[in-house]
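Single-structure report; data block below.
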Amino acid sequence: MKKRQQWGSRLGIIFAVAGSAVGLGNFLRFPVQAAQNGGGAFMIPYFLSFFLLGIPLMWIEWAVGRYGGGFGHSTAPGIFHSMWQKNRFIKYFGVIGIFGPMIILVYYLYIESWCLAYSAFSITGSYSGIRSQSGMTDFLRSFQGLMRGGHFKGVHTAYYFFLATFALNMIIIARGIKSGIERLCKIAMPALFIFAFVIMVRVFTLGAPNPLLPAWNTLNGLGFLWNPDLSALKDAKVWLAAAGQIFFTLSVGIGVILTYASYLKKADDVVLSGLSAAGTNTLAEVVLGGSIIIPAAFAFFGPAGIADVSRQGAFDLSFVTMPVILQHIPLPALFGFLWFAMLFLSGITSSVSLAQPAVAFLEDEFNLPRPKAVLVFGVVVFVFCHAAIFLMGKGVVNELDFWAGTFCLVLFATIEAFLFAWVFGIDKAWDEMHHGSMMRIPAVYKFIIKYITPLFLLLILVFWFIQDGLPFVMMRGIDDAVRPYIIGTRFALAALFGTLCLLVKAAWKKRKMKSHHSKAVI
């Protein structure tokens, strides 16, 4: 039997899981969500969601992953089957835990490559003469190949950086858990926090950049972000946004943590490790993510301009607003490099985690050596990536993000929460979580994990689908010229999901034949 991979140290897996969670959303999505949903009032449902949804799901995924790893499974189909062996269909629900990360990776790699490109642009001064929002927007659109003319002649430059980013990811993944992913995260995570801290300090030393407008300063920018508008708590969308932010930022519901935890030893502590990973992510998000873009933008654009800035969306905040701000301070090349290098490190620690479930599935269920598994996976992803690159202006990325980055996440987490608490059984689940643990989970969490977390997830799934999901599925407001691309993307996604289901069926048929052969020999 092939020896399973293992982590080198507890610190290594905590860094790896935190690296999976700490991504672009911590520094871009979180401040925008907070600014648009009541400022400081947003933190009330945010922390309620953290304790009622985020922490329980983190513990569930660590415990479930370690349990499935004991049966030789590193991915959701096998792990779900090991928890409910009497149900022959449950493994197909686990396909979501391979499909979702794989599709997220398809567009995430391209966005990650922008960070690498802009790190180089900062050092070489490619955008050094651009000091306005409109000018930087044109620079970005030209780089993406979404406008003719401009600084770049087509999408070629972006494509070269994508190739470099793709190759780097595949090399790291091919080196395995300990020598590849763990080693990367042990270097990247401390560097990421150092870069973010340096940028945060520089933002707070900006003061008021315009002497004629002393109220436009970074401290008032923090006030804009954190002063609570308690009336916002009456809006259900604020609560949904806060729950969604916790859900997405911790990387729960993707299937990645299940895979990472499957490489633990039975005696490894999942309670303390899960809590440490969740805490590291929240520190990066609330303290660092909330202290850079919005305060800096307030100091330069003021209370009226910041409202427009916060509505731009995460990508424009990072690749338009922040470069403009950094152009107006001393050493813009250095701080521009630190900003985009920080984003790139947060991106690559997440992207390698997104690849691991599919690679582990090929290793475990088809006994492929890791280099061959990475090659097969890499070819498939590389082909799909071209849709995100060359059809970006046709709604393809939004379509991929909806199905994989939103719908699959919520659905998968809901399934695993009910499976763990109700099918596996809360008493057995409680014992499994505490096996090898150095600390006891407060007893109230037994009730929360059995009742509150599954119900919370079910409500999120239902209300989100009614408010946002159904109109998206029905393609309401979609331009007729874009519809063929959307329909084509949906057919491609359905074909990929169906193929993964067939692979799961083939893998279990192979296991069954092997089991019968072993019994016959005996």
Computed FRET efficiency, Cβ-Cβ of ALA191 and LEU334, R0 22 Å: what is it to the nearest 0.05? 0.90
How would HIS81, HIS73 rank on accessible area, largest to smallest, probe 1.4 Å? HIS81, HIS73
Semi-axes (Å, rounded, descending) of the ellipsoid equivalent to the stretch 1-143 per its C-alpha gyration tensor are 38, 22, 16
Can you compute the modelled spin-label distance between ALA267 and PHE382, with each label point 7 Å from Cα toward Cβ, in nm? 4.4
Just the projected area, averaged over all directions, of the convex hull on the alpha carbon atoms of the stretch 390-478: how many nm²? 8.3
Honestly the stretch 225-356 on the Cα gyration tensor test (a ≥ b ≥ c root eigenvalues; a/c under 1.5 rounded, otherwise a/b vs b/c for prolate or oblate) is just oblate
Tell me, what is the percent relative contact order of the stretch 382-464, built from C-alpha pairs under 8 Å that lie six or more residues apart? 32
Looking at the chain from every direction and averaging, what is the projected area of its Cα convex hull in nm²? 24.2
If each of LEU163 and PHE447 carries a label point 7 Å out from its Cα toward its Cβ, how far apart are those two points in nm? 6.1
Taking a crude spin-label model, label points 7 Å out from Cα along the C-beta direction, the ASN87 to CYS501 distance in nm is 1.6
Per-residue accessible area for TRP216 at 1.4 Å probe radius, Å² rounded to 10? 70
Give the calculated FRET efficiency between LYS510 and PHE51 to the nearest 0.05, with a Förster radius of 60 Å applied to their Cβ-Cβ distance. 0.90
Once the dipole of the stretch 165-236 is set up with Lys and Arg at +1 and Asp and Glu at -1 on Cβ about the Cα centre, which of GLY207, ILE171, ILE187 lies farthest towards its positive end? ILE171
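Can you tell me what percent of all Cα-Cα pairs in the stretch 371-522 are more than 25 Å apart?
I get 56 percent for the Cα pairs in the stretch 371-522 exceeding 25 Å.
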Please enumerate, by chain and number, the lysines with C-alpha under 27 Å from the C-alpha of LYS3, excluding those fewer than 8 residues away in the same chain. LYS91, LYS178, LYS186, LYS265, LYS266, LYS372, LYS505, LYS509, LYS510, LYS512, LYS514, LYS519
Accessible surface, per residue, of the chain when the full set of protein chains is kept, probe 1.4 Å, Å²: 40
State the extension gain, in nm to one decimal, for the chain segment bounded by ARG10 and MET147, taking 0.36 nm per residue of separation less the distance between their alpha-carbons. 44.5 nm
Can I get the semi-axes of the stretch 186-236's equivalent ellipsoid? Compute them from the C-alpha gyration tensor as square roots of 5 times the eigenvalues, in angstrom, largest first. 28, 23, 5
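Thinking of the stretch 93-190 as a set of Cα atoms, what percent of all their pairs are more than 17 Å apart?
Value for the stretch 93-190 (Cα pairs over 17 Å): 63 percent.
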Whole-Hz Karplus couplings 3J(HN,Hα) for the stretch 318-328, θ = phi - 60° and coefficients 6.51, -1.76, 1.60, Gly and Pro as x, run 6, 9, 10, 5, 5, x, 5, 4, 5, 5, 9
Work out the P(r) tail for the stretch 150-256: percent of alpha carbon pairs separated by more than 18 Å, whole number. 76
Please turn the phi angles of the stretch 37-43 into ³J(HN,Hα) values with the Karplus equation 6.51 cos²θ - 1.76 cosθ + 1.60 (θ = phi - 60°), one per residue in order, whole Hz, x for glycine and proline. 10, x, x, x, 4, 4, 6
Which order, highest average first, do 290-301, 186-197 follow once you tally other Cβ atoms within 10 Å for each residue and take the mean per peptide? 290-301, 186-197
Would you compute, for the Cα atoms of the stretch 308-450, the largest minus smallest coordinate along each principal axis and list the three values in descending order, in whole Å? 58, 41, 30
Accessible-area order for MET392, MET342, largest to smallest, probe 1.4 angstrom, reads MET392, MET342
Ordered by residue, what ³J(HN,Hα) values in Hz, to whole numbers, does the stretch 122-139 give under the Karplus form 6.51 cos²θ - 1.76 cosθ + 1.60, where θ = phi - 60° and Gly and Pro are x? 5, 5, 7, x, 5, 10, 4, x, 9, 10, 10, 4, 5, x, 6, 5, 5, 4
Explain nothing, just the number: relative contact order of the chain, from Cα pairs under 8 Å at least 6 residues apart, as a whole percent. 31
Between MET474 and LYS178, 0.36 nm times their residue separation minus their Cα-Cα distance comes to what? 102.1 nm
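The values are calculated or read from the model by the stated rules, or taken from the named source; none is laboratory data. Everything numeric in this text was worked out from a predicted model, so none of it was measured. When we count neighbours, we look across all protein chains shown, and the Cβ atoms used for this are built from the backbone with ideal geometry, even at glycine. Surface areas here come from the heavy atoms of the whole protein model, side chains and all, with no ligands, DNA or RNA. Shrake-Rupley method; radii C 1.70, N 1.55, O 1.52, S 1.80 Å.
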